[in-house]
Structure formats: structure tokens, C-alpha cells
1. Between ASP14 and SER216, what is the label-to-label distance in nm when each label sits 7 Å out along the Cα-to-Cβ direction?
2. What does the extension gain come out to for ASP27 and HIS58, with contour length at 0.36 nm per residue minus their alpha carbon separation?
3. So, counting K/R as plus one and D/E as minus one, what does the shell of residues with Cβ under 13 Å around LEU55 add up to?
4. What residue among ASN70, ASN265, ASN97 has the largest mean-square fluctuation in a Gaussian network model of the chain, using Cα springs under 10 Å?
5. Calculate the FRET efficiency for LYS200 and VAL93 from the Cβ-Cβ distance with a Förster distance of 25 Å, rounded to the nearest 0.05.
6. Can you count the Lys pairs in the chain with C-alpha separation below 12 Å, eight or more apart or on different chains?
7. Any idea how far the Cα center of region 1-33 sits from the one of region 181-211, in Å?
8. Could you list MET1, MET274, MET138 so that the one with the fewest beta carbons within 10 Å of its beta carbon is first and the one with the most is last?
Amino acid sequence: MRVEDPRIVAALADLGVELRHAESLADLTSLGIGGTTDLLRITKHESIPDLLNLLDSHGVPHRFLGGGSNLLVDDGELPWVVLQLGQPDPDLVIEGNIAHVDAAADLGRTVTYCAKHDLGGMEGLIGVPGTVGGALRMNAGAYGMQIGSYVREVKLYRAAARRLEILRGEQISFEYRHTSFAPDDMMLAVKLELPSKPYKEILQGIRICNEKRRSSQPLGQKSAGCIFKNPPGASAGRMIDELGLKGQSVGDARVSDRHANFFVNAGKASAKDMLALITNVRERVHASFHVELEHEVVIWDA
Ligand code: EPU
């Protein structure tokens, strides 16, 4: 979708929003899949309510993009513009046991920066690509921990109320790969309260998690992490593996040989290829295990 109306273009400039024409979402997502649209980069949180009023009043549909690491975007010319937060400097400030983190901050860098300040707890998240905002929205977790456990406060744009709000940790429910945020809420910043731990100890935990991840996940390849959530008491990866589906492909979309719940873009996979592979695998799992796998990856259908 193109933003060409000069009134909108001028209003965006007034709001400090940077308009980037014809961005390829394939370049902004870890899967390397996705069509083209205009991208609006937000420089000031305070401008968001006015920005959304502007887009709504001109009938411009929009989606919020985080780090693009858990996202499968449709092919071709996309029927909505994409909003993304610019990265403030600094994006992370430590005060005692509290880390004040901007939603656009890189998750891995946040884990290591906190570690250097003797703040631990998030070792399991090392190696999880994406932004802190994305991790927060879906309650990212690994190796027995989840980010939600450390959230004391979240600043967000509440789409339903059309304003910026601050929620306390207790007001948010964090479950397995799920939170009580509405799909159109936009994470802006978070206060994490982290346990004190000596840097050396945290580093050891980080090394162990890195090693586990390297040995079991296809890290060098284009993927969106796990495609399906694990059903209660079971592992989607193990079920897909047991069916012998590693290496199964549709075009360049392929079930990883290393971890069967990772689907990789082995070349020039399209969203159509990836969606067909997801459907095939779901059907095979359903037929054999009578389990309906739920997507973990977020799908933006045009
Ligand atoms: N397994 C297989 N074959 C495979 C993959 C896994 O037999 O191809 C077996 C493993 O041997 C293990 C069991 O399945 O016995 C579980 O596998 P793993 O430890 O790799 O964990 P997972 O349940 O597949 C979850 C998260 C990952 C997270 C890891 C580590 C989900 C959907 N996945 O994977 O998160 O990194 O645990 O904590 O919850 C993600 O969310 O994108 C993600 C990658």
C-alpha cells in the first residue's frame, strides 16, 4: 500500500514519522518472506495516538511490526502500511534491579547488557531473535523461563482506548506463548525487575543455553523459530520428527533437518509455499496423533 495523499504525507512529517516507500517485508523478517508496502517509522511514542487517528480518518489500514522474527507475511503488494518503532538512544537504562527497556531494543543485547550489570534471570532468552516488545507481547520463553515473570510495568498504546497507558505486571496475564494484550496493542517500553547474580554465573548460564540451542536448532538458517506451539504435555517438534517429515518441502519452504518444528526458507520460499507446508504438516500430525497444532508464528494474510 502506498501513502501518496499529500495531506497525509505532510501530517506524518509533522508527527516526526519517517515514511519509507516500498519496503520489502522479506528484508525485515527473519524468514525472509513477505511482500512490499510503505513503512512508517515512529520516533516519539507520544505521537502514536495522533498517528493512528490520522491513518484511521483517511482509511489507511495498518499493522505493527516488531523485530519480525516470529512472523510470516504474505507475498506481493500488501494491503496495509506497516508501523515500526525507531530505536531510541539509549534504549536500555539500569537502576538498581530494574531495567528500563524500550520495546524496540534487541532482546539478546538486553540479556547481555543486564548480565554485565549483574542482573540475571533471562539467560534462557539468549539466542532468541527479535525485540523486547515482541518477546513481551507473546511472552517469549525458553529453558524453563519466560519474560513475563520479570515484568513490573509496561507502557503501551492501547488500541481500544486510543491512548498510551501504563500497566502493572499484575494487571497482565502471561501464559505459555500468550498474553492478555489485545492483538492491536502496541508495546512501547517495559520495566523488568531482575534478580541480582554475579556476571560470571550469568555468563555460564548463557553459555549453556547457547550450546543447547546450537546443538538442537537451525540457527544459521532463515526461520521464524518454532512454527507451532507445543500442545499440553507434548512436543510438536518430536511429533513431526516421528512422522519422518524432516526435510519435507514445498518449493523452498522446508522442515528443518535439525529441529522439526522449525520451518526454514532454504532459498526463495514464498508465503504460499510456507503456508502450504504448514497446512500439510498440520494435517499429517492430525491424522496420526489426533492433535490440532496451533500456530506459534504470527501470520499476516493479505
Ligand atoms: N525433538 C525431536 N525431534 C525434533 C525436535 C525435538 O525428537 O526434531 C524432541 C527433543 O529431543 C526433546 C523434545 O522433542 O526431547 C523437545 O524438544 P526441544 O527441547 O527442542 O524443545 P521444544 O519443545 O521443541 C521449546 C520451545 C522453543 C525453545 C525450546 C527450549 C515451543 C514451541 N518451543 O521447543 O522455543 O527454544 O523449547 O526451551 O515452545 C520458539 O518459541 O520459537 C522456540 C524455538
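1. Placing both labels 7 Å along Cα→Cβ, they lie 5.4 nm apart.
2. Values: separation 31, 0.36 × 31 = 11.16 nm, distance 2.76 nm.
Extra length available between ASP27 and HIS58 comes to 8.4 nm.
3. Values: positive: ARG7, ARG63, ARG162; negative: ASP5, ASP38, ASP50, ASP56, ASP184.
Once all neighbours under 13 Å are counted, the net charge is -2.
4. Evaluated over the chain, the most mobile residue of the options is ASN97.
5. Details: r = 23 Å, r/R0 = 0.94.
Approximately 0.60, to the nearest 0.05.
6. Details: LYS116/LYS197; LYS116/LYS200; LYS155/LYS191; LYS222/LYS268.
Summing the qualifying lysine pairs gives 4.
7. Taking the Cα centre of region 181-211 as reference, the centre of region 1-33 is 31 Å away.
8. Values: MET1 16, MET274 27, MET138 22.
Lowest to highest Cβ neighbour count: MET1, MET138, MET274.
Quick note: the coordinates plus some simple rules give every number you see, no bench work behind them. If you're wondering where the values come from, they're calculated on a predicted model, not measured in any experiment. Glycine gets a Cβ as well: all are built from the backbone with ideal geometry, and neighbour counts include every protein chain shown.
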